[in-house]
């Protein structure tokens, strides 16, 4: 009888936690579409709350049906909030004007203010959601100076997965400088957030964490709203270039660990090496499905050769987001 009560209680707890997670995911979806024009937002909210919690991406294309990525599958939005896996005859079609209006709305109707972001291909939305922007580029001296005639918008919905880093950190042991390598949508940024919370919220002697959030995706403090939960002992440098942010963190915040997203160039790699040589731990991410892919980039190769990172975690991919495929000791790569 006692065992029955225990199993029943465990099942009840799992059910409650599942409902909480669904509600959090629904809120993330609603936040991600909150800036869009009212009519379009209404269509996107018509799919029902149970479906909202499963959407990873919202794809808006000029003269094409609105579509979603749901657990890796493409689904099209039909009238009445119905989803179809087959391109529909009665799909919600956006005109070129509709798409321009959507892009303007995501820019808070000040597209000029977001020129630099759009030139890099995306806008960060409140809550850390990201809207990728496609259009026609104006180029001067191999640099994009402006983008006009928007044709596609891809809204990627950011989510928090509490506890997702627990297995990774247990595999890493006491390592406080490591690289997370994964393909797009493999959960790199989600893992970074949970790693922040893990170290920052330790009940006894928590770590001092500084996040250099150049693209405003990890904490999303610069995009407005409340931002993401990164722990109670975390300082966030939003929109700072990584190299500058690392210098400021070392000089002003005495961090135990500095956390940042993709290492983009050799200058950033050199700043990380300087920080490690100052006794600070670093956690960063890199694109790739394997260590061999990652080290084709000069900055990652430099960091591995310098032993700035002690270990590298290779993620499984979008099929199993946040799950680790392999832990590599970086010394074995020298």
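Structure above, values below:
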item	result
MRE, 222 nm, helices only [DSSP H, n ≥ 4, -39500 (n - 2.57), over the chain, to nearest 500]	-10500 deg cm²/dmol
Share antiparallel - DSSP beta bridges, the stretch 166-333, percent rounded to 5	20 percent
Residue-span extension gain [residue 278 to residue 45] - 0.36 nm each, minus C-alpha spacing	78.9 nm
Unit Cα scatterers, Debye sum, the stretch 37-119: log10 I(q)/I(0) for q = 0.21, 0.22 Å⁻¹	-1.00, -1.06
For peptides 89-98, 263-272, 145-154, sequence by mean Cβ density within 10 Å, most packed first	263-272, 145-154, 89-98
Dimensions in Å of the stretch 284-334 - Rg and Dmax from alpha carbons	10.8, 32
Computed Kirkwood radius, in angstrom, where 1/r is averaged over Cα pairs of the chain	21.4 Å
Cα gyration tensor category, rounded, prolate or oblate, for the stretch 166-333 with a/c compared to 1.5	rounded
Percent RCO, i.e. relative contact order, over the stretch 11-156, from Cα pairs under 8 Å lying at least 6 residues apart	20 percent
Length-normalised contact order of the stretch 149-282 in % [C-alpha pairs under 8 Å, at least 6 apart]	23 percent
Ordering of 184-196, 59-71 by burial proxy (mean other Cβ atoms within 10 Å per residue, highest first)	184-196, 59-71
Spatial extent of the stretch 11-156: Rg and Dmax, with the Cα atoms as the point set, Å	16.5, 62
P(r) histogram, all alpha-carbon pairs of the stretch 84-235 included - 5 Å bins from 0, percent	2, 8, 14, 17, 15, 13, 11, 9, 6, 4, 1, 0
Antiparallel bridge percentage (DSSP; both residues within the chain; nearest 5)	60 percent
Distance in nm between pseudo-label sites at residue 85 and residue 174 (7 Å out along the Cβ direction from Cα)	5.1 nm
Cα-Cα P(r), the stretch 209-279, percent of pairs per 10 Å interval	22, 55, 22, 2
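Throughout, read-outs are computed from the coordinates displayed, never taken from laboratory work. Remember, it's a predicted structure, so these values are computed and weren't measured experimentally. As a convention, Cβ positions derive from the backbone with ideal geometry for all residues, glycine included, and neighbour counts pool all protein chains shown.
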